[in-house]
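A.B. asks: Below you will find the structure I want to go over with you.
Every number in this text was worked out from the coordinates using simple rules, so none of it is lab data. Please read all numbers here as calculations on a predicted model, not as lab measurements. Cβ sites come from the backbone with ideal geometry, for glycine too, and all protein chains shown count toward neighbours.
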Amino acid sequence: MGGVGRAAARVAGAGWLVALLLAAWEVYARIWPSVFFPPLSEVLGNFSRMWLSADASSLFTSDLLREQAGTSLGRFAMGWLLAVVVGVTLGMLLGRSPVASRMYNPTVRFFTAVPNTMLLPIAVQIFGITSRMNVFLIFLGTVWVIIINTADGVAGVDEMWLRSARSLRLSRWTLYRSVVIPAAMPRIMTGLRVSLGIGLILMIISELYATTVGLGFQIVVAEKSFLYVDMWSAFVLVGLIGIVLNSIFTLVERRVLRWQRRSSLSDL
Amino acid sequence: MKTDSTPRRVRRGRTLGGLVLAGALLVAGCGTSADDAGGDSAQPAGSGGPQTLKVTTLGLCNEISVYWAQAKGLFAKHGVNVQTVKSTGGAAGLSALQSGDIDLAFTNPFSTMIAISRGIPLQWIATAYGTPTDESAATNAIAVAKDSPIKSAKDLEGKTIGVNEIGGINQIITTAWLKEKGANPAGVKFVALPFNELASAVATGKIAASQTPAQTVDPKLGLKTLGDPYVVAGKGKSLVFAGYVTTTEKSKTLQKAMQGYQAALIEADTQINDPANKEEHFTLAAQNCKQDVNVLKAIKENPYLAEVDAGALTQMAQILKDQGVIADPPAVDSFVPAYVVKTG
């Protein structure tokens, strides 16, 4: 079997369950029609009208998509990237310093257990009806899992590697750049991947109220107006955004961990 | 001989996946059969004894008619047994209604008419309460900060107004108020906040104004009112604020119970509106909505009237049409059964 054939077989192997579920959706909705659960074909038709356009200059996207998804993704990008910077930095500190770890580990575990969506009213009081409220919630919901995974990854670096590096009298910067960070990278990437999913969920939840724009806001408007086809179209869009972001992340992960001959999660 | 080279683990996974899907379809299929049968929340007609109706409640003080009818045995007197089921909102109640779990949803006429226009078959069985016709009896308010430069509806153009629910009755009525007061609603943004945060969001300057119950416009919080939007939108007539809705199917199969339900509420309202029962009705409301009875006595109440005001519903349908929410609102006769007692 050639390379193309193998790739096609891999795609078919990975996609059969999705295809079956989508077919089941269509059949179920046709046999038992309900305005609450429209057929997939109707949702996809509406998806095209709602989110796409024939204008190549706007990359075939509608004004609504650019305004709503653009706002949501902007909030997500700011919150998540901030969490990556803060989470990886703090995780490094906690992973390398037993004293810092003992001091801050209970705090980190406490905030990991707190349901962040419950902080929505407090975030509104602090930041008002602004995008900063959404960014804050996405940051707060994603940073802890990054801290924990980074700290565990750094703390778990093989002591033999560290002793060898010290015997070479490497500078602290070189030690981190060439030994600690690469060795901890699989755990860091795991944390980032998990946080990506959490961030996307929080992006939608934080827009369910106290906002005037965004994909979550669109879902609420559709639900309250009993426009269930619009609501499902928005769900499909959010799902596709998740797939695209995850695919981009997989590419980055493969590139970053190319030195490591292991199967990534996506290959399972 | 041809052999299956697929690893056992993969084959087992496929079998499991198939079983999960088949199970899901089976469960879904079973659920739909129950829905088709109209659910099992009400006893079948003709089974003897009073029929049981499951009715959603938000636990509001304004739902006094149901509390009164229950406490005074009026439902039993009219041949119906009522069980209240807690709900989170009008739209959630309508969804529960469709699932067959309940028989009557406590909701508002706008949500009902919008749902009907989207293909959800509903019937309005009884009104819970209406809206005041005079500012002196205002129960709602457009609240702004006392020192705010906003003095009129026109000043709200380009600003953000808080409401409890996006697309809900309060947003639609506030939009009507803006229009009646000469402002362009298209230039106003609405944001949803919980009821208990609407006043403080205005007081702290997070939003320019909010549509809120009149009693929350506390001058001590630094708030004042621009008026009751329901009074303005009603144009001198009382609108319908909330009521009880069922599915078209249940309005037929449970007709006797539905009639008994409305008759019990009408009798309850007569007693509630009797000044001699004032003390008792506030006490009962306070017990059910977990409010201080003295607070309830101090605030104004919406008028209680279980008869269905057809004229008010027609007026509200026109508001939906004027705002472009629905192009062709349903005629009142199409969603209020003939057996329901009407006014207007």
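A.B. asks: Relative contact order of the range A:15-166, please, whole-number percent, based on alpha carbon pairs below 8 angstrom and at least 6 residues apart. Kindly include the intermediate steps, with their values, before the conclusion.
C.D. replies: Values: 119 pairs, mean separation 36.8, N = 152.
Over the range A:15-166, the number comes to 24 percent.
A.B. asks: So if I average 1/r over every pair of distinct C-alpha atoms in the protein assembly as shown and take the inverse, what Kirkwood radius in Å does that give?
C.D. replies: Values: mean 1/r = 0.0355 Å⁻¹.
Roughly 28.1 Å, rounded to one decimal.
A.B. asks: Turning to a different aspect of this structure: Could you work out, residue by residue across B:217-229, how many beta carbons of other chains sit within 10 Å of that residue's beta carbon, and then give the average as an integer? Don't skip to the end; give the middle numbers.
C.D. replies: Details: counts 0, 0, 0, 0, 0, 0, 0, 0, 0, 0, 0, 0, 0.
For this peptide, the per-residue mean of nearby foreign Cβ atoms is 0.
A.B. asks: GNM, chain B, Cα, under 10 Å: largest mean-square fluctuation among B:I150, B:I142, B:I125?
C.D. replies: Residue with maximal mean-square fluctuation among B:I150, B:I142, B:I125: B:I150.
A.B. asks: I need the phi-derived Karplus couplings for the range A:122-133: 6.51 cos²θ - 1.76 cosθ + 1.60, θ = phi - 60°, integer Hz, Gly and Pro marked x.
C.D. replies: Working through the residues one at a time gives 5, 4, 5, 5, 7, 9, x, 8, 9, 5, 4, 4 Hz.
A.B. asks: Summing -39500 (n - 2.57) over the DSSP H runs of n ≥ 4 in chain B and dividing by its residue number, what mean residue ellipticity at 222 nm do you reach, to the nearest 500 deg cm²/dmol?
C.D. replies: Numbers: 14 runs with 146 residues, N = 344.
Result for chain B: -12500 deg cm²/dmol, rounded to the nearest 500.
A.B. asks: Now for a different question. Please report Rg (one decimal) and Dmax (integer) in Å for the Cα set of the range B:41-186.
C.D. replies: Just the Cα atoms of the range B:41-186 yield Rg and Dmax of 19.2, 65 Å.
A.B. asks: Please compute, for peptide A:217-226, the average count of beta-carbon atoms on other protein chains lying within 10 Å of each residue's beta-carbon. Intermediate results must be reported in sequence, preceding the final value.
C.D. replies: Details: counts 3, 0, 0, 4, 4, 1, 5, 11, 10, 13.
For peptide A:217-226, the averaged partner shielding equals 5.
A.B. asks: Which residue fluctuates the most in chain B, going by a Gaussian network model with Cα springs under 10 Å, if the choices are B:G119, B:G158, B:G205?
C.D. replies: Taking springs between Cα atoms under 10 Å, the residue moving most is B:G119.
A.B. asks: What percent do you get for the relative contact order of chain B when only Cα pairs under 8 Å and 6+ apart count?
C.D. replies: 24
A.B. asks: Let me ask something else. Mean Kyte-Doolittle of at least -1.0 and a Cα length of 27 Å or more along the axis: which whole DSSP H helices of chain B meet both? Show your work: numbers first, answer last.
C.D. replies: Working: long enough: B:8-36 (42 Å, 0.25).
Sorted by number, the helices that extend far enough and score high enough are B:8-36.
A.B. asks: Then there is this: Quick one: pull the percentage of alpha-carbon pairs in the range B:209-295 with a separation above 23 Å.
C.D. replies: Values: 1999 of 3741 pairs.
Considering the range B:209-295, 53 percent of its Cα-Cα pairs are separated by more than 23 Å.
A.B. asks: Quick one: what do you get for chain B if you divide its Cα Rg by 2.2 N^0.38 Å? Each step should come with its number before you reach the end.
C.D. replies: Values: Rg = 23.7 Å, N = 344, 2.2 N^0.38 = 20.2 Å.
Against the empirical 2.2 N^0.38 Å value, I get 1.17 for chain B.
A.B. asks: Could you tell me the convex hull volume per residue, in Å³, taken over the Cα atoms of the range A:44-267?
C.D. replies: On the way: hull volume 34.1 nm³, N = 224.
Convex hull of Cα atoms, per residue: 152 Å³.
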